[in-house]
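Notes for the one structure printed next.
The values are calculated or read from the model by the stated rules, or taken from the named source; none is laboratory data. From a predicted model like this one, the values you see are computed outputs, not experimental measurements. With ideal geometry, Cβ positions are generated from the backbone for all residues, glycine too; neighbour counts draw on all protein chains shown.
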Amino acid sequence: MTEKVAAAALAILVFGFRLQSEELALDQAVRIALQHNADVANAALDVSKSKDRYSASHTSVYPKLSLYMLGSEQLKPITTTIDRGTIEPNSPIGPIPSQDVHFTTPMQPTGFVLGRVAQPLLTLYRIHLNLKSLEYMTQIAEQKARSKRQETVRNVKQLYYAIEQVQSSLVVTGESIALYKEVERLTDDYVLKQTALESDLLQAQATLADAEQSELTLTNQEAKQKEQLNDLLGRDVLTEFTVSSVDEAQKPELDLVAARKRALAQRPELKQAQLKVKQSEQELRAKKAEYIPDISAEFNSVTLLNFNSFLPNGSYSVGVSLSWEPFDWGRKKSEMAEKRDTIVQDRNTESSTERKVIMDVDDKYRQILQSWSKLRAAHLSQKAALESLRVSKNQYKVQASLLKVVLQSQTALAQANSDYEHALADYWTAQAEFEYALGEDQ
């Protein structure tokens, strides 16, 4: 008696705890995941990093300002001699200078400042080619982020429907345990009255133990799946919640040809492959542009600090600089050959991805039709079990059937209801997979 009271109290506590748990709707779970999932957030940060990389590279089109300063003291003086008559050897007043003139730097701290402003000219062409390649890289990062969002939504739906399946199985298992306990009690009475065998009682007890073991397994499975879903939602994995029952399904109206076209237009991995081809082609153009000399317009200034007065205080110049590598021992040629091979690889990947997308859409299309067929069969089995229970109850009322038969019919109906819920969840899971195959955004 004490054990029954304790079990009842525990059941009340568990029931009350479940009532206090949050009921998590599917659309709410998807919204939370897209806002807080770590992988989704990291993918968005990759897009931001790519844009920052583009912004940093874009500064190359503007004038480059550089400043170099050096403060030092000479270890040995710099001495310059102007020989007698170097400027004018035969002037009316005599040689200029009239004697050798010696200039020397003092042994004291000196310094000079070198300033340079360079505006790329021909180099701008290659810079813009590289910037275009970075634009493609940013677009690829955006498609990766989009793919991660779609993958997260699909995973959330799969786990959500799996938890709903386990919850319906727990309900059925709980009803079965109640039935098996009643059967065990009746069998125990029959044994005492010597109208049943001891083996019948042992069989009833074994069946009850199996059901309780199944309930424990399902409970552990539910706890694990809830932790996984909480992790996907980016929140405390110990957050308690319950899931809502899935909606009733309607017969799918699908056009396979249209679905293939939508997938080819929307799938992020195919867009990534297409953008990768464009990026590789752009990198080849940029590599070819390296044959063009780097020509820049420059302004240079040199300022001397604390040198002898015979040296000028500064020098300023405006001009054009050229930097060119006319002979590189075939390096650019080999690098361009590598880029061409990369383009061929990327085009092969694009074709392969396109075929895989079509195969994936076809497979998910067949799965959704199969799941609908399974759901329809489960619905018919549910109606049959309900009718069987109605007949058993009517027979029991006129004492044409045993209570055990009625209880078994109730269990069969509970199992049929569970099978229907499982089939319904499987259908919505297949629907989520089909949406993912189409590349649908949420």
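Residues that are free of Cβ contacts under 8 Å to residues at least 60 places away in the same chain and exposed (fewer than 14 other Cβ atoms within 10 Å of the Cβ) within the stretch 21-41 comprise just one, 27.
The residues of the stretch 91-115 that are modelled with pLDDT under 75, surrounded by fewer than 12 Cβ atoms within 10 Å (Cβ to Cβ) and part of a strand (DSSP E or B), listed by number, are 91, 102. Kindly establish whether residue 49 is farther than 30 Å from residue 134 by Cα and basic (Lys, Arg). So residue 49 does not fit the description; no.
Has the stretch 202-209 got any residue that is in a helix (DSSP H, G or I), touching a residue at least 24 places away in the same chain (Cβ under 8 Å) and over 48 Å from the mean Cα position of the chain (by Cα)? Break it down into steps so the answer makes sense when it comes.
Restricting attention to the stretch 202-209, the residues satisfying the condition of being in a helix (DSSP H, G or I) are 202-209.
Still in the running and touching a residue at least 24 places away in the same chain (Cβ under 8 Å): 204, 207-208.
Subsequent filtering for residues that are over 48 Å from the mean Cα position of the chain (by Cα) retains 204.
Taking every residue of the stretch 202-209 in turn, at least one turns out to be in a helix (DSSP H, G or I), touching a residue at least 24 places away in the same chain (Cβ under 8 Å) and over 48 Å from the mean Cα position of the chain (by Cα).
Checking residue 296 against (1) in contact (Cβ under 8 Å) with a residue 40 or more places away in the chain; (2) in a helix (DSSP H, G or I); (3) surrounded by 16 or more Cβ atoms within 10 Å (Cβ to Cβ), only one condition comes out false. Which one? Answer for residue 296: the failing condition is (2). In the set (1) out of contact with any helix residue (DSSP H, G or I) (no Cβ under 8 Å at 6 or more places or on another chain); (2) under 30 Å from residue 278 (Cβ atoms), the condition left unmet by residue 115 is number (2). If only one of 433, 421 is part of a helix (DSSP H, G or I), charged (D, E, K, R) and modelled with pLDDT of 85 or more, which one is it? None of the others qualify; the one that does is 433. Could you list, in sequence order, all residues of the stretch 183-204 that are surrounded by 16 or more Cβ atoms within 10 Å (Cβ to Cβ) and polar (S, T, N, Q)? If the condition is that a residue be surrounded by 16 or more Cβ atoms within 10 Å (Cβ to Cβ) and polar (S, T, N, Q), then 187 is the only one that fits.
Has the stretch 380-397 got at least one residue that is over 28 Å from residue 167 (Cα atoms) and at pLDDT 90 or above? Break it down stepwise before answering.
Here is the first cut: in the stretch 380-397, the residues over 28 Å from residue 167 (Cα atoms) are 391, 394-397.
When the remaining residues are screened for being at pLDDT 90 or above, the result is none.
Looking through the stretch 380-397, none of the residues is over 28 Å from residue 167 (Cα atoms) and at pLDDT 90 or above.
Taking the condition touching a strand residue (DSSP E or B) at 6+ places or on another chain (Cβ under 7 Å) and surrounded by 15 or more Cβ atoms within 10 Å (Cβ to Cβ), does residue 118 pass? It is true that residue 118 is touching a strand residue (DSSP E or B) at 6+ places or on another chain (Cβ under 7 Å) and surrounded by 15 or more Cβ atoms within 10 Å (Cβ to Cβ).
Listed by position, the helices (runs of 4 or more DSSP H) inside the stretch 1-80 whose residues that are at pLDDT 75 or above and closer than 30 Å to residue 299 by Cβ number at least 1 are 38-58.
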